[in-house]
Amino acid sequence: MNLTGKQKRVLRSLAQTKKSAFQIGKEGLTAQIKTNLLDYLTKYELGKITVLNNCTTPIIALEQSLQEADIQVIQKIGKVMVLYKENLALINRIELPL
């Protein structure tokens, strides 16, 4: 699903008040963190992660591995990424403009 600029703007504004749900450390994006992140995003659809300074994996490689898991990176500011994964089964879904 490709998001428009308006949809990304809405998601960024919703993520502004959220705190980082996960921190990626020196081990990088492990399988356990990826499954926990997918579980979190299926429940809330929107989340933030922080990449710590001791992470050996470059942020671009982290972004590519997240996109392979069908997670969209909405915004990257420094070492903080805003992530989105649509879940049509949620009752209180995030309503995005067309």
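I need the full set of residues from the stretch 1-51 which are outside any helix (DSSP H, G or I), under 11 Å from the mean Cα position of the chain (by Cα), of a type in the set (A, V, I, L, M) and within 13 Å of LEU66 (Cβ to Cβ), in order please.
ILE49 - this is the single residue of the stretch 1-51 that is outside any helix (DSSP H, G or I), under 11 Å from the mean Cα position of the chain (by Cα), of a type in the set (A, V, I, L, M) and within 13 Å of LEU66 (Cβ to Cβ).
Does the stretch 28-41 include one or more residues that are more than 21 Å from ASN2 (Cβ to Cβ) and touching a Cys at 6+ places or on another chain (Cβ under 8 Å)? Scanning the stretch 28-41, I find at least one residue that is more than 21 Å from ASN2 (Cβ to Cβ) and touching a Cys at 6+ places or on another chain (Cβ under 8 Å), so the answer is yes. Restricting the first member to the stretch 3-25 and to residues that are at negative phi, and the second to residues that are in a loop (DSSP other than H, G, I, E, B) and among the β-branched types (Val, Ile, Thr), the beta-carbon pairs closer than 8 Å and six or more apart or on different chains are VAL10/ILE94; LEU11/ILE94; LEU14/ILE94; ILE24/THR57.
Among the conditions (1) of a type outside the set (S, T, N, Q); (2) assigned to a loop (DSSP other than H, G, I, E, B); (3) in contact with a strand residue (DSSP E or B) (Cβ under 6 Å, 6 or more places away or on another chain), VAL82 misses just one, which is (2). Scanning the stretch 1-38 for residues that are among the polar types (S, T, N, Q) and under 25 Å from THR57 (Cβ atoms) yields a total of 6.
Since every read-out is calculated from the coordinates, none of them should be taken as a lab result. This is a predicted model, so every value here is computed, not measured. Cβ: placed from backbone, ideal geometry, glycine included. Neighbour counts: every protein chain shown.
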